[in-house]
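K.L.:
Have a look at this one before I ask anything.
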Amino acid sequence: MGLVVGGYTIMEIVRNHEMVQIVKRDEVKEIVENYLRYLDNDALTDKGKIVSYQIDEQSIEHNPMGGIMFTVFLNDDSELYVRMTLEKHHETGKIQQSGGGYAKKVKDLVGKKD
């Protein structure tokens, strides 16, 4: 029984490490930054309301419906956050955003988005 539990734990650690490596890719950085520019046209510039972001590696987890979910903190404020879900396109294999949302505090910062 201990071997089964130990084996499962090791598999979870390996899977989590793989998800962290995926989220650190340049293509994911581009997806995150494009979404931030959707929220704030001037994001990550001197004129933007969103001036910085940090991916919370502790939040990276497998989405039960498929893909990877994680949180992005904005402007060094844990109450300003965006949740994102990524998945691989079934035909191209390219990583794409498949869902997410943001905190009310982000909505208040950047104005209402549909």
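K.L.:
Are there any pairs with C-beta distances below 8 angstrom linking a residue in region 65-76 that is farther than 19 Å from GLU12 by Cβ to a residue that is outside any loop (DSSP other than H, G, I, E, B) and of a type in the set (Lys, Arg), with the two at least 6 apart or on different chains, and if so which?
P.N.:
Listed pairs, sorted by first residue: THR71/ARG83; VAL72/ARG83.
K.L.:
Counting just the residues of region 51-72 that are surrounded by 13 or more Cβ atoms within 10 Å (Cβ to Cβ) and over 15 Å from ARG83 (Cα atoms), which one comes out nearest to the chain's Cα centre (by Cα)?
P.N.:
SER52
K.L.:
Among the residues of region 69-109, write down those that are modelled with pLDDT under 95 and among the hydrophobic types (A, V, I, L, M, F, W, C).
P.N.:
Listed by number, the list holds a single entry, ILE95.
K.L.:
GLU30 fails exactly one of the following numbered conditions: (1) within 21 Å of ARG15 (Cβ to Cβ); (2) under 12 Å from the mean Cα position of the chain (by Cα). What is the number of that condition?
P.N.:
(1)
K.L.:
Of all residues in region 84-104, which are surrounded by 15 or more Cβ atoms within 10 Å (Cβ to Cβ) and either under 19 Å from ASN41 (Cβ atoms) or not β-branched (Val, Ile, Thr) (or both)?
P.N.:
At the first step, the residues of region 84-104 found to be surrounded by 15 or more Cβ atoms within 10 Å (Cβ to Cβ) are 84-88, 95, 97-98, 100, 102-103.
Once the filter is applied, which keeps residues that are surrounded by 15 or more Cβ atoms within 10 Å (Cβ to Cβ) and either under 19 Å from ASN41 (Cβ atoms) or not β-branched (Val, Ile, Thr) (or both), region 84-104 yields MET84, LEU86, GLU87, LYS88, GLN97, SER98, GLY100, TYR102, ALA103.
K.L.:
Within region 3-44, take every residue that is more than 15 Å from GLY67 (Cα to Cα) and among the polar types (S, T, N, Q) and give me the one that is modelled with the lowest pLDDT.
P.N.:
THR9
K.L.:
Within region 39-51, is even one residue assigned to a helix (DSSP H, G or I) and out of contact with any Asp or Glu (no Cβ under 6 Å at 6 or more places or on another chain)? Full working, then the answer.
P.N.:
Initial filter on region 39-51 (assigned to a helix (DSSP H, G or I)): 39.
Subsequent filtering for residues that are out of contact with any Asp or Glu (no Cβ under 6 Å at 6 or more places or on another chain) retains 39.
Within region 39-51, one or more residues are assigned to a helix (DSSP H, G or I) and out of contact with any Asp or Glu (no Cβ under 6 Å at 6 or more places or on another chain).
The values are calculated or read from the model by the stated rules, or taken from the named source; none is laboratory data. Not measured: the values here are computed from a predicted model. Note that we place each Cβ from the backbone using ideal geometry, even for glycine, and neighbour counts take in every protein chain shown.
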